[in-house]
Structures are given as C-alpha cells and as structure tokens.
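No value in this document is a laboratory result; all are computed from the given coordinates. These numbers come from a predicted model, not from an experiment. Every residue, glycine as well, gets a Cβ built from its backbone with ideal geometry; the counts of neighbours run over all protein chains shown.
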Amino acid sequence: MERRRELFGGRSAAIFALAGSAIGLGNIWRFPYMVGQTGGAAFIIIYLVCCLLLSLPIFLAEAIIGHRTQAGTFGAMEQLAPGTKWKWLGLLTVVSPLIILSYYSVVGGWSIGYLWQSLTSGFHASELGSVSSAFGNFIASPGRALFCHTLFLSGCAAIVSAGVKSGIERFNKFSMPLLFVLIVVIMVYSLMLPGSSAGVEYLVKPDFSKITPSGVAAAMGQSFFSLSLGVGTILTYSSYIHSKENILVMGLGTVGFDLLFALIAGFAIMPAVFAAGIEPGAGPGLIFETLPYIFAHMGASAPWLSAVVAVLFFVTIVFAAFTSAISMFEVGVAYLVEQRGLTRHRATLLIFLGTWILGALCSLSFGPLSDVKLFGLSIFSFCDMLTSNFLMTFGGLLFVLFVGWKMDRKVVRDEFTCGGTARFNGVVFDAFWFLLRYIAPPAIVIIFLTNFFV
Ligand code: PHE
C-alpha cells in the first residue's frame with residue numbers, strides 16, 4: 001500500500017527537522033525547572049553524560065530502523081520482522097506520540113494565550129501570588145484554554161497537511177534559526193539584569209550533594225523527553241532522510257543542538273529568576289508564573305524593553321512547541337497514509353479530531369473536569385505520567401532491544417557506516433554496539449523502576 005515517499009531536501013533540512021522535534025517545551029519549560037529543583041550545575045553535568053552515553057545510542061537505534069526501511073513505525077516493523085509481535089511496537093509508537101501531542105497542545109495553547117497577553121495588555125501584577133492565580137484562572141477557564149488549544153492544533157494540522165517538504169521541512173528551516181536567535185537575545189537581556197550573576201553561579205557551580213538517585217533518573221528521563229525518544233518520531237523523520245546521509249552525523253547534530261538550546265534557555269531563565277530574588281525551584285509553573293512576574297518587575301528602568309523581551313520569549317515558546325508537535329502529528333499521519341491508504345489531508349483531519357478530543361479533556365481537567373481522577377491523577381497529569389514515565393521508556397527499551405538483539409549486526413553496521421563508506425566505521429561502531437546492547441537496556445530499566453518506586 002506504500003506510496004512514493006517524499007524525502008527531506010538535504011542534510012541541513014533533515015537536521016533542522018530532527019532538532020525541531022527535539023527542541024521544544026522540554027528545553028524551555030521542563031529543563032530549567034528541573035535544573036532549578038535538582039541541584040543546578042550538578043544536574044546539568046549528569047544530564048550531559050546521560051545524553052551522550054544513553055540517549056544518543058537510543059536515538060541512533062530508532063533512526064537506523066527508520067532510515068533502513070524508509071517506512072513509518074508500523075511499516076518499518078512489518079518490514080524488518082514480518083508477521084511477528086514486533087508489530088505491536090509499531091502500533092504502540094503510533095499511539096504514544098498522539099497522547100503526548102494531546103496534552104502538549106494544551107500547553108502550546110497556553111503559550112499562545114500568553115503571547116497574546118504579552119502583545120496586548122502585558123504583565124503588570126505586583127506580587128507573585130497574583131500572577132499565579134491569573135495563570136490558574138486562565139488554564140481553568142474552559143472557553144479561553146480550549147480556544148487556544150484548538151488554535152495550536154490547527155496550526156500543526158495546517159503545516160503537516162502541506163506535506164513533508166512544503167510543510168514540515170519549510171516550517172523547520174524557517175523556525176530553527178529564528179529560535180536560536182531569539183533565545184540568545186533573551187539570554188543577553190537576562191544576563192544584563194542587576195543581580196543575575198547569582199543565577200550564572202547556580203548554573204556553573206555544581207553541588208553534588210543535592211543529587212539523589214531519583215535526580216539521576218530524572219536527568220535520564222528528561223534526556224529521553226527532550227530528544228523525543230521512544231515514541232517513533234525520530235524513526236519517522238529518519239525515514240524521510242535520503243539513504244546516502246549518515247545517521248551518526250544526524251544524531252550528533254540533533255543532540256548537539258538540543259543540548260546547546262537547553263543550556264542557553266537555562267542561562268536565559270535562571271539569571272532572571274535570581275535577579276528577581278525568586279527561589280529557583282518553582283517547578284512547572286516557572287515559565288507561566290515566575291517569568292511573567294519577572295517581566296512585570298524587571299522593566300523598572302526600561303519598561304518597553306522588558307515588554308519586548310516578554311513578546312520574544314513567548315514567540316520562542318510557541319515556535320519551539322510547534323516544531324515538536326508537528327513531529328508527533330506526522331507519526332500518526334504517516335501511519336494512516338502508508339498503512340491505511342488515506343490521503344494526507346484526510347489523515348491530518350482524523351489525527352486532528354482524535355487529539356483535539358483527548359487534548360480538550362486534558363485542558364478541562366484544570367477546570368470543570370478537575371474532579372475526574374485516573375489513579376489519583378487529573379486527566380492531564382495522567383497522560384503526562386503515562387507517556388513520560390512509562391510509554392517513552394518502554395518504547396525506547398523495545399527499540400534498543402530490537403536493534404541490538406534482534407537485527408543482524410551486519411545490517412546495523414552497514415546502516416551505521418553508510419555501507420562501510422563512513423570514516424568512523426571501526427571503533428566508533430563497536431562503542432555504539434556495546435552501549436546499545438549492554439548499557440542502554442539496564443539503564444532504561446533502572447529509570448523505569450525508579451520512576452515507579454522512588
Ligand atoms: N522533544 C520535545 C520537547 O523537548 C517533546 C517531544 C516528545 C517531541 C516526544 C516529540 C516526541 O519538547
């Protein structure tokens with residue numbers, strides 16, 4: 001049933017797309033607050049090690065499957081292990097990114113709402129408590145929050161339905177450079193605020209006494225989330241990369257950009273937090289509560305400047321969220337087009353409807369549906385917990401086991417080294433193979449168990 005596939009236009013288009021998937025709310029929203037809650041610089045060092053030793057091999061495993069088969073998650077499993085239970089991994093990784101997309105779109109919608117506010121009335125609250133309650137009211141109001149969720153998801157649908165090249169590739173090629181410029185501008189502003197040096201110190205001076213086993217598991221989990229691992233997005237995007245491109249170059253490029261962006265975002269946010277005299281461990285409310293408060297207060301000498309920075313900041317979040325959300329959207333669309341024979345437009349509509357409904361339930365769980373609990377959690381938190389703590393790690397484990405233990409070493413080596421033509425085909429491949437077979441699986445199991453029991 002497979003049709004002729006569109007491919008990304010070249011190496012830079014492919015890296016922009018992969019980095020677009022990786023760089024998202026995970027870098028601007030999750031990473032800084034986790035750094036704030038879990039030991040500053042010490043967390044960052046552990047995070048770097050996790051990215052290189054654990055997440056890069058998992059990334060490469062997923063990419064090898066997609067690149068080799070040039071098919072979406074389900075088709076890839078059917079090609080490499082026809083008629084086996086591995087097809088369930090193909091299906092699981094169609095469903096899990098769509099669950100993430102549903103609640104991700106709700107947060108993307110909040111960012112659109114805050115962008116609108118930064119453009120119109122700005123932020124004026126006199127104390128942190130009132131900014132927090134404004135945020136609470138916003139996410140609980142069904143009308144506004146649902147409207148923003150709809151807007152965000154419609155934007156994703158419009159990009160994805162335009163196709164791999166004219167939609168996804170074009171959007172990423174424009175957005176990725178823009179995102180880097182914006183985050184650097186915000187960082188420079190933040191570093192110039194009086195009192196910001198305490199934030200810099202916090203990010204560069206490690207305090208290893210704050211690191212606990214669950215902190216290490218959190219760093220590993222964060223690197224999974226940030227690199228979009230275990231849910232088929234990397235696999236699907238890699239299937240659109242020309243067969244002559246080298247997967248290791250793609251992996252290093254994506255991990256490098258993702259890390260760089262997370263670090264710059266840390267240096268954009270923490271110095272401002274310290275300059276405003278706020279505790280760094282604010283948690284998930286950091287960008288929607290703490291930062292608007294900072295924007296309202298830091299502008300004493302030049303209010304127009306902080307108003308402009310507020311707009312730039314929310315533009316950055318909205319674009320970063322879009323580039324990630326379209327990668328999750330595409331996984332479902334690729335499945336419906338390739339396996340079910342739907343046209344791209346129909347497939348887009350179907351995915352839009354499904355994720356809109358689940359997203360609406362997640363959104364309403366902050367308001368009218370706040371009493372509905374699944375395993376003691378709200379619908380939003382349940383979807384987040386199910387995917388970040390369970391489905392992503394489980395999918396990642398199965399991908400790693402598949403490539404490391406089920407696929408033929410020769411095939412993997414051939415794919416890794418571009419048919420033996422790559423310069424680094426000896427010891428680098430052996431290191432990858434070792435990490436993939438012996439280090440990644442137990443490490444993922446440890447994260448998994450820590451998430452459940454600690
Ligand atoms: N990596 C994205 C982020 O950092 C989130 C994501 C998860 C994207 C899973 C795709 C798949 O925000």
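In what sequence do 150, 254 fall when counting other Cβ within 10 Å, fewest first? Provide the component values of the computation, followed by the final result.
On the way: 150 17, 254 27.
Fewest to most other Cβ atoms nearby, the residues stand as 150, 254.
Note the full-extension length gain between residue 410 and residue 377 as 0.36 nm times their separation in residues minus their Cα-Cα distance, in nm to one decimal. Write out the running numbers ahead of the final one.
Details: separation 33, 0.36 × 33 = 11.88 nm, distance 4.59 nm.
Gain on stretching residue 410 to residue 377: 7.3 nm.
Ordered by residue, what ³J(HN,Hα) values in Hz, to whole numbers, does segment 384-400 give under the Karplus form 6.51 cos²θ - 1.76 cosθ + 1.60, where θ = phi - 60° and Gly and Pro are x?
5, 5, 4, 7, 5, 8, 10, 5, 5, 5, 5, x, x, 4, 5, 4, 5
What percentages, rounded to whole numbers, describe P(r) for the chain computed over all alpha carbon pairs with 20 Å bin width beginning at zero?
Taking every Cα pair in the chain, the percentages come to 26, 59, 15, 0.
How long are the semi-axes of the equivalent ellipsoid of segment 142-248, defined as square roots of 5 times the Cα gyration tensor eigenvalues? Whole Å, largest first. Kindly include the intermediate steps, with their values, before the conclusion.
Numbers: eigenvalues 214, 103, 68 Å².
Computed over segment 142-248, the values are 33, 23, 18 Å.
Set the Förster radius R0 to 60 Å, insert the Cβ-Cβ distance between residue 87 and residue 181 as r into 1/(1 + (r/R0)^6), and round the FRET efficiency to 0.05. Spell out each step's value before the answer.
Details: r = 43 Å, r/R0 = 0.72.
That pair, residue 87 with residue 181, gives E of 0.90.
If you stretched the chain out fully between residue 437 and residue 357, how much longer would it get, using 0.36 nm times the residue separation minus the C-alpha to C-alpha distance? Walk me through the numbers on the way to the answer.
Values: separation 80, 0.36 × 80 = 28.80 nm, distance 3.94 nm.
Working it through step by step, the gained length comes to 24.9 nm.
What are the trypsin sites (Lys or Arg not before Pro) within segment 50-90 that DSSP puts in a loop, where the Cβ has at most 10 other Cβ atoms within 10 Å?
Numbers: sites: 68, 85, 87; in loops: 85.
When the trypsin sites (Lys or Arg not before Pro) of segment 50-90 are filtered for loop state and at most 10 Cβ neighbours within 10 Å, 85 remain.
Quick one: if you stick a label point 7 Å off each Cα along the C-beta vector at residue 243 and residue 343, how many nm between them?
Computed distance between label sites residue 243 and residue 343 equals 3.1 nm.
Apply the Karplus curve 6.51 cos²θ - 1.76 cosθ + 1.60, θ = phi - 60°, to the phi angles in segment 50-60 and return the couplings in whole Hz, x for Gly and Pro.
Running phi through 6.51 cos²θ - 1.76 cosθ + 1.60 with θ = phi - 60° gives 4, 4, 7, 8, 10, 6, 4, x, 5, 4, 5 Hz.
So what is the calculated 222 nm ellipticity per residue for the chain, using -39500 (n - 2.57) for each DSSP H run with n of 4 or more, over all residues, to the nearest 500 deg cm²/dmol?
On the way: 21 runs with 311 residues, N = 454.
Counting only the DSSP helices, I get -22500 deg cm²/dmol.
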